[in-house]
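Coordinate-derived values only; no laboratory data. In this text the structure is predicted, and so the values were computed from the model without any measurement. Heads up, the Cβs are rebuilt from the backbone with ideal geometry, glycines too, and the neighbour counts pull from every protein chain shown.
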Amino acid sequence: MLEAFINLAYLVGALAFVLGLRRLSSPDTAKNGNRLAAIGMGIAIIATLLSPGENGTMIWILGAMLVGALIGWRAATKVEMTEMPQLVSIFNGLGGASAVALGGLELQRVVGGTQSASTNEMLILLLTLFIGGVAFTGSILAYLKLDGKVWDEKITLPQHSLINGVFLLGLVAFMAYLCLFPAQLTIGVLILFTVLTLIYGFSFVAPIGGADMPVVISLLNSFTGLSAAAAGLIYDNQIMLVGGIFVGASGTILTVLMCNAMNRSLFNVLIGGFSASGGASKAASGDQNVIEVSLPDLAIQMYYSKKVMVVPGYGLAVAQAQKACKELDELLEANQVEVKYAIHPVAGRMPGHMNVLLAEVDIPYNKLLDLEEANAELKDTDVVIIVGANDVVNPAAEDDPGSSIYGMPVLQVWNAKQVVVLKRSMRPGYAGIENPLFFHERTKMLFGDAKDSLQKLVAEVKNQ
Amino acid sequence: MDQLIAFFTEHLLMLYLLLFTIILGFEIIAKVPTVLHTPLMSGANAISGVVIIGGILLVKQAAADDWLLLVGGAVAIVLGMINVVGGFAVTDRMLDMFKKKKS
């Protein structure tokens with residue numbers, strides 16, 4: 001009776017996951033969908049709590065749940081909107097770490113116990129540990145990279161993707177050996193395997209650079225799902241299996257969609273397309289000059305133009321400049337200037353990152369243009385202001401086959417009558433490559449913090 | 001080979017389940033507008049915290065003096081719970097931003 005009830009609850013939970021994600025994929029029902037999925041999770045957890053168990057274990061479970069819930073809640077409600085991608089990355093890593101703990105503990109049981117595991121069981125246990133481990137340390141490194149705490153050059157070895165390939169083959173061979181000879185597993189071997197797995201997770205993400213981090217997070221997200229599914233096989237638990245596979249599949253397709261948005265293959269991303277090889281592009285010649293624009297000039301120009309396009313990038317997020325952006329927007333609109341926003345699919349650190357930030361300050365949906373719409377409208381745009389974006393407006397992607405981002409669709413801002421780049425310094429963008437746009441004849445630079453510059457611009461426009 | 005066939009026959013229903021779940025996952029995401037990619041990734045991430053159920057089951061089976069399982073399982077539960085609660089809460093916050101646009 002109890003078992004039937006638990007299984008029924010799992011069924012309802014799985015249904016809530018599927019319907020929840022489905023509703024999450026449309027703007028009007030998204031919030032509702034997220035809550036539905038959360039309720040599904042709640043039902044599944046409560047049902048699990050009701051399942052029979054040893055005496056005295058409940059206090060451990062409830063205590064741990066309380067601690068985890070408090071930490072998760074605090075982190076989710078306290079973090080700045082701009083740091084959202086990093087937070088998602090960490091959460092994902094912790095899910096992976098949880099799978100590592102499960103896989104490790106279950107394997108440890110096999111070592112200590114009298115019954116030795118069959119090949120199938122061994123495979124499931126090792127996969128849980130392995131996939132979870134890669135998701136864990138990979139996500140942590142992705143977090144560090146996103147947060148700018150780790151720079152690519154410092155952790156990438158020469159021929160890193162080759163090393164990773166050999167490393168992976170080695171680990172697969174290790175797993176195959178343990179599956180065929182389960183009796184060979186000792187505590188020492190288990191620890192060795194775990195450590196190697198965790199190192200591999202770091203190594204896997206290490207060569208993947210800069211602008212590709214969103215893709216990696218999505219991929220690691222699907223890994224966490226798969227590790228949860230593998231853990232579901234250990235416990236013969238349907239909801240873990242279904243939920244995990246579901247996330248694994250949707251994460252994979254999301255990863256592919258993101259790769260498509262950048263016109264690159266997943267393979268290309270994984271071997272680290274943005275490596276040092278792109279350094280020798282033609283923008284390196286040193287005699288080019290940039291032209292600076294003064295604030296009053298820019299303010300006048302914008303105030304009397306017909307159409308202004310804003311290209312936001314991660315710089316806008318870092319500087320928390322979205323409110324200033326909105327203020328400028330309102331002032332200009334009051335003077336019949338049409339203001340639009342050109343959102344590149346990979347602007348910011350995650351697809352949709354910019355949309356979230358701009359929505360936060362009530363900038364209406366219909367002002368946000370996607371890549372194709374924006375490129376069509378840029379031709380009759382008077383002033384483009386680029387706020388903390390760089391690689392997504394780099395003309396080298398179209399005309400310099402030597403550039404490492406060659407082939408990625410970009411916003412063709414140089415088609416507008418005037419381009420103004422708000423930038424802190426001449427430092428290259430996140431992908432670490434030169435941007436010939438800054439030396440373009442129609443480009444002027446406005447150096448300074450994005451928020452600061454925008455606020456000054458707002459003040460100047462008010463004076464008009 | 002025999003082992004494979006046996007495995008296939010034994011787990012036929014599960015293989016169907018896996019296949020359809022994968023296709024369902026693909027289909028649902030394929031139609032999503034770019035603006036919702038981040039909340040969607042975040043929501044899916046929260047669902048992957050379902051691994052916490054494994055943690056609960058592990059601790060439930062642990063003997064009262066099996067400290068390794070109790071402590072290790074509790075750690076797995078804490079980590080999974082952070083993933084679940086944090087994931088859903090942060091997605092909710094993100095989606096709050098979208099709701100305002102209508103008013």
task: Pairs of Cα atoms under 8 Å, at least six residues apart: use those to get the relative contact order of chain A, whole percent.
output: 13 percent
- prompt: Can you run phi through the Karplus equation (6.51, -1.76, 1.60; θ = phi - 60°) for the range A:40-56 and list ³J(HN,Hα) in whole Hz, with x for Gly and Pro?
  reply: x, 5, x, 4, 4, 5, 4, 4, 5, 4, 6, 5, x, x, 5, 5, x
query: Which entries in the list A:Lys306/B:Lys31; A:Lys78/A:Lys423; A:Lys149/B:Lys60; A:Lys145/A:Lys417; A:Lys145/B:Lys60; A:Lys456/B:Lys31 go over 32 Å, if you measure between the two C-alpha atoms of each?
result: A:Lys306/B:Lys31; A:Lys149/B:Lys60; A:Lys145/A:Lys417; A:Lys145/B:Lys60; A:Lys456/B:Lys31
message: Placing unit charges on C-beta atoms (Lys and Arg positive, Asp and Glu negative, everything else neutral), compute the dipole magnitude of the protein assembly as shown about its Cα centre in debye, rounded to 20.
response: 780 debye
statement: Scalar couplings 3J(HN,Hα) for the range B:41-47 by Karplus 6.51 cos²θ - 1.76 cosθ + 1.60 (θ = phi - 60°), nearest whole Hz, x for Gly and Pro, are 4, 5, x, 4, 4, 5, 5
message: In the range B:77-95, whose amide N lies under 17 Å from the spot 7 Å out along Cα-to-Cβ of A:Ile39? List them in ranges.
response: B:88-89, B:92
statement: Amide H contacts under 5 Å for A:Lys444, restricted to residues at least 5 apart in sequence or on another chain and with H modeled in the peptide plane, are A:Val419, A:Val420, A:Val421
field: Test item: A:70-80 mean partner chain Cβ contacts at 10 Å
entry: 6
Gap separating the Cα centres of the range A:50-125 and the range A:363-423, nearest whole Å: 43 Å
query: Modelled label-to-label distance, A:Asp452 and A:Lys323, 7 Å Cα→beta-carbon offset: nm?
result: 1.8 nm
message: Below 8 Å between Cα atoms, with a sequence gap of 6+, how large is the relative contact order for the range B:34-103 in percent?
response: 44 percent
query: Length gain on complete extension for the stretch A:Ser118 to A:Tyr304, per 0.36 nm per residue less the alpha carbon to alpha carbon distance?
result: 59.4 nm
- line: Each label sits 7 Å from Cα toward the beta-carbon; between A:Ser265 and A:Leu50 the label points are separated, in nm, by 5.1 nm
statement: Projecting the Cα atoms of B:Gly72, B:Val32, B:Gln3 onto the charge dipole of chain B, where Lys and Arg contribute +1 and Asp and Glu -1 at Cβ, the residue farthest towards the positive end is B:Val32
field: Residue-wise HN-Hα coupling along the range A:125-132, computed from phi with Karplus coefficients 6.51, -1.76, 1.60 (Hz; x: Gly, Pro)
entry: 4, 5, 5, 4, 5, 5, 5, x
Amide proton proximity set for A:Gly209, modelled H, under 5 Å, gap of 5+: A:Gly273, A:Phe274
Check: the range B:34-103 dipole with +1 on Lys, Arg Cβ and -1 on Asp, Glu Cβ, in debye: 600 debye
statement: Relative contact order of the range A:362-464 (C-alpha contacts under 8 Å, at least 6 apart) in percent is 26 percent
- line: Rounded to whole angstrom, the alpha-carbon centroid of the range A:328-351 lies from that of the range B:1-44 at a distance of 38 Å
- prompt: Using alpha carbons only, what's the Rg to Rh ratio of chain A with Rh from Kirkwood?
  reply: 1.04
field: Exposure rule at most 15 other beta-carbon atoms within 10 Å, DSSP loop chymotrypsin sites (Phe, Trp or Tyr not before Pro): chain A longest free segment
entry: A:305-464
field: Residues A:Val419, A:Val205, sorted so that the one with the fewest Cβ neighbours within 10 Å comes first
entry: A:Val419, A:Val205
- request: Using the number of other C-beta atoms within 10 angstrom as an exposure proxy, rank A:Thr443, A:Thr186, A:Thr224 with the fewest first.
  value: A:Thr186, A:Thr443, A:Thr224
- prompt: Given a Förster radius of 51 Å and the C-beta distance between B:Ile23 and A:Asn463 as r, what FRET efficiency does 1/(1 + (r/R0)^6) yield to the nearest 0.05?
  reply: 0.30
task: Can you spot the aspartates and glutamates whose alpha carbon is less than 12 Å from A:Lys31's alpha carbon? Ignore those fewer than 8 places along the same chain.
output: B:Asp92, B:Asp96
